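This report concerns only the one structure given below.
The values are calculated or read from the model by the stated rules, or taken from the named source; none is laboratory data. Since the model is a prediction, treat every value here as computed from it, not as a measurement. FYI the Cβ positions are ideal-geometry reconstructions off the backbone, even for glycines, and counts take in every protein chain you see.
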Amino acid sequence: MTTVDLPLLPLGRGTDIASERGVDCPGDLPAASDPDLVARAQAAKAALGERVFVLGHHYQRDEVIQFADVTGDSFKLARDAAARPDAEFIVFCGVHFMAESADILTGPDQKVILPDLAAGCSMADMARIFQVEKTWDALTAAGIADSVVPVTYMNSSADIKAFCGRNGGVVCTSSNAETALEWAFDQKPDAKILFLPDQHLGRNTAVLKMGIPLDQCVVWNPLKPNGGLTAEELQNARMILWKGHCSVHGRFSPEVVDELRATIPDVQILVHPECQHEVVLKADLVGSTEFIIQTIEAAPAGSSWAIGTELNLVQRLAKAHPDKHITFLDKTVCYCSTMNRIDLPHFVWALESLVAGTVPNQITVDPETERWALTALERMLALPGRTHKD
Ligand code: SF4
């Protein structure tokens, strides 16, 4: 077995700022029990005025989302930030790869701040650049790299996006994955796609939207020599799926879908394409977070829904639509633990630091990485009939 350098840095410990892993929160963090936190956040935001623009991802806690100037998915938020060139500070209530994308898409004088640097993403962490470069070497040695086009999901680190930019590939979101795959297959004769880092989005798109046979979708395990694949499997593959997944969406199971169908009359199952293929096969509707929100908004009163996405969003939808029966597609409570790292104490600390003249937790992407990541993002923007949702 190949040994890899994957130090485990538990959340809140260690100092690997360049990675998606947990780091300390420097400075004085207010106590979560401080009764004045809401008032402090309001006062700090008011003091900063137009200088600050707060972005809130759909999976954020209510206590934070109430202060967001805009809410949305990761790509929409990065674009929203780019549309506010006058804002000196972009406070990103989301996770690390999203703040990197915002830094790439905003001006050089704008500062992107992540209130807690431990807010990473377990899926993005599953594809690290040295692993992907080793994989490319292995594909080259196998004689197939020339026909491979790398495609990465938005939920990946900036250096993985840059890898795709450098190697003729593209970024995709969960809304435009099919268009991105069509584009990628058109780039080379007999093209194969290396899809990073979410195997489920890659498989669900290839099989269910494009009709690619399941046996032509192979999984590349970076921890095994040659990805754990034979030369024949690689030759026959059209989709080489990175062995990564979302720890939240990967939890939903086909058994719970069956159980809910048996217990809730006329329930409709609505899931995100990061869910396992077996779950998506059993669902009524599949789509991005924006699609899920729009579907529930358009649903008739009295309809019943079981939703397979992050729990903060499902709870918020249930609260906003008391006329509809909305339930979570899992028996156990499961928030995205890294999204939940952004809490009111960290938010207050970040804003008050800005008021005091200190820029905390700035996320910066180095110019070379930014250049190539932007190349891959711009290829996505040029896709026909694109949508910007994940
Ligand atoms: S919900 Fe999944 S993909 Fe999104 S930030 Fe959390 S771990 Fe990453």
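Is it the case, given these coordinates, that Ala301 is aliphatic (A, V, I, L, M), surrounded by fewer than 17 Cβ atoms within 10 Å (Cβ to Cβ), modelled with pLDDT of 95 or more and over 21 Å from Gly72 (Cα atoms)?
Considered against the rule, which asks whether it is aliphatic (A, V, I, L, M), surrounded by fewer than 17 Cβ atoms within 10 Å (Cβ to Cβ), modelled with pLDDT of 95 or more and over 21 Å from Gly72 (Cα atoms), Ala301 comes out as yes.
Do we have any residue at all in segment 120-130 that's away from the ligand (no atom under 16 Å from the Cβ), at negative phi and modelled with pLDDT of 95 or more?
The answer is yes; a qualifying residue exists.
Scan segment 173-219 for residues that are assigned to a loop (DSSP other than H, G, I, E, B) and either assigned by TED's automatic domain parsing to the domain that holds Ser253 or within 16 Å of the ligand (Cβ to nearest atom) (or both) and jot them down.
Thr173, Ser174, Ser175, Pro197, Asp198
Could you tell me whether Ile113 is modelled with pLDDT of 95 or more, on the phi < 0 side of the Ramachandran plot and within 16 Å of the ligand (Cβ to nearest atom)?
Considered against the rule, which asks whether it is modelled with pLDDT of 95 or more, on the phi < 0 side of the Ramachandran plot and within 16 Å of the ligand (Cβ to nearest atom), Ile113 comes out as no.
Give me a count of the residues in segment 53-70 that are crowded, with 23+ Cβ neighbours inside 10 Å and either assigned to a loop (DSSP other than H, G, I, E, B) or over 21 Å from the mean Cα position of the chain (by Cα) (or both).
Matching residues across segment 53-70 total 3.
Pick from Ala68, Ala102: which is within 16 Å of the ligand (Cβ to nearest atom), within 21 Å of Asp343 (Cα to Cα) and either in contact (Cβ under 8 Å) with a residue 40 or more places away in the chain or not assigned by TED's automatic domain parsing to the domain that holds Val314 (or both)?
Ala102
Looking only at residues in segment 336-375 that are of a type in the set (Val, Ile, Thr) and not in a loop (DSSP other than H, G, I, E, B), which one is farthest from Arg128 (Cα to Cα)?
Selected residue: Val355.
Each row is one residue, and each column tells you yes or no for (1) within 16 Å of the ligand (Cβ to nearest atom); (2) farther than 23 Å from His96 by Cα; (3) among the small types (Gly, Ala, Ser).
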{"site": "Phe252", "(1), (2), (3)": "yes, yes, no"}
{"site": "Val267", "(1), (2), (3)": "no, yes, no"}
{"site": "Leu285", "(1), (2), (3)": "no, yes, no"}
{"site": "Leu311", "(1), (2), (3)": "yes, no, no"}
{"site": "Leu329", "(1), (2), (3)": "yes, yes, no"}
{"site": "Cys334", "(1), (2), (3)": "yes, no, no"}
{"site": "Asp343", "(1), (2), (3)": "yes, no, no"}
{"site": "Ala356", "(1), (2), (3)": "no, yes, yes"}
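Need pairs with beta-carbon distance below 8 Å; first residue assigned by TED's automatic domain parsing to the domain that holds Gly308 and surrounded by fewer than 18 Cβ atoms within 10 Å (Cβ to Cβ) and within segment 251-268, second at pLDDT 95 or above and assigned to a helix (DSSP H, G or I); sequence gap 6+ or separate chains.
The qualifying pairs are Pro254/Glu278; Pro254/Val279; Pro254/Leu281; Pro254/Lys282; Asp258/Lys282.
Here is a list of conditions, (1) under 25 Å from Ser337 (Cα atoms); (2) among the polar types (S, T, N, Q); (3) not in a strand (DSSP E or B), and Thr152 meets all of them except one; can you say which number that is?
Single failed check for Thr152: (3).
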